[in-house]
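The values are calculated or read from the model by the stated rules, or taken from the named source; none is laboratory data. Predicted, not measured: the structure shown is a model, and the values here were computed from it. Cβ: placed from backbone, ideal geometry, glycine included. Neighbour counts: every protein chain shown.
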Amino acid sequence: MLILVSTVCFALSLYLGFANYWILTHWTKTEAAVLSGELRQYSSGPTGPPQTLGKPSYFFHCTVSYLVGGKNLQSQLDSPSSPYRIDAQVWGGQLSPGRSIDIRYKELDPSRIRLANHPAEITVGGPIKAGFFFLVPGLLLRSTAWDCLTTKMKAEAPPPRNRFLPI
């Protein structure tokens, strides 16, 4: 079981590593100016997950302006949502109007943007560590179980029969 869990963690880390590599190499980094921003709240309706029904979530929504090929573009950025208002307020302090932030935009669709250094994103290191911590004990347990099984099989095995009978 531990080996299976570690394999899933390693597969997840490979996917996250590839996705992060893709964004870093195929999305262009630029500087943007925050034009406006506001704290927003939404509540999940009857279709949301059971643990969030009726609970409000908070996020900071802002409009940014940036240059792409000599054209001034505007787009929207949202902070990650949180059940705590203070988290959205902290994002509001980082994305306050007039501040300059680093963003990445997609070459084929410059209106698609994201923060260049997004601290809330999942990193590759977590799943690799988790996979390692499951893999090592899993391999040790499997090795120990295999040794016990082979020792038990040898002890219970009948003695070898002599196939060559004297004439």
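Details
- Unique residue being among the hydrophobic types (A, V, I, L, M, F, W, C), modelled with pLDDT under 90 and under 16 Å from Asn117 (Cα atoms) when the list is Ala19, Ala11, Ala33: Ala19
- Number of positions in the range 85-100 that are at pLDDT 90 or above and in a loop (DSSP other than H, G, I, E, B): 3
- Among the residues of the range 68-83, those that are of a type in the set (A, V, I, L, M, F, W, C) and either over 18 Å from Leu95 (Cα atoms) or surrounded by 17 or more Cβ atoms within 10 Å (Cβ to Cβ) (or both) comprise Val68, Leu77.
- Single residue of the range 74-84 satisfying the filter (under 23 Å from the mean Cα position of the chain (by Cα) and in a strand (DSSP E or B)) that is modelled with the highest pLDDT: Gln76
- Cross-chain or 6+ apart pairs with Cβ under 8 Å, the range 67-85 first and touching a residue at least 60 places away in the same chain (Cβ under 8 Å), then assigned to a strand (DSSP E or B) and among the hydroxyl-bearing types (Ser, Thr, Tyr): none
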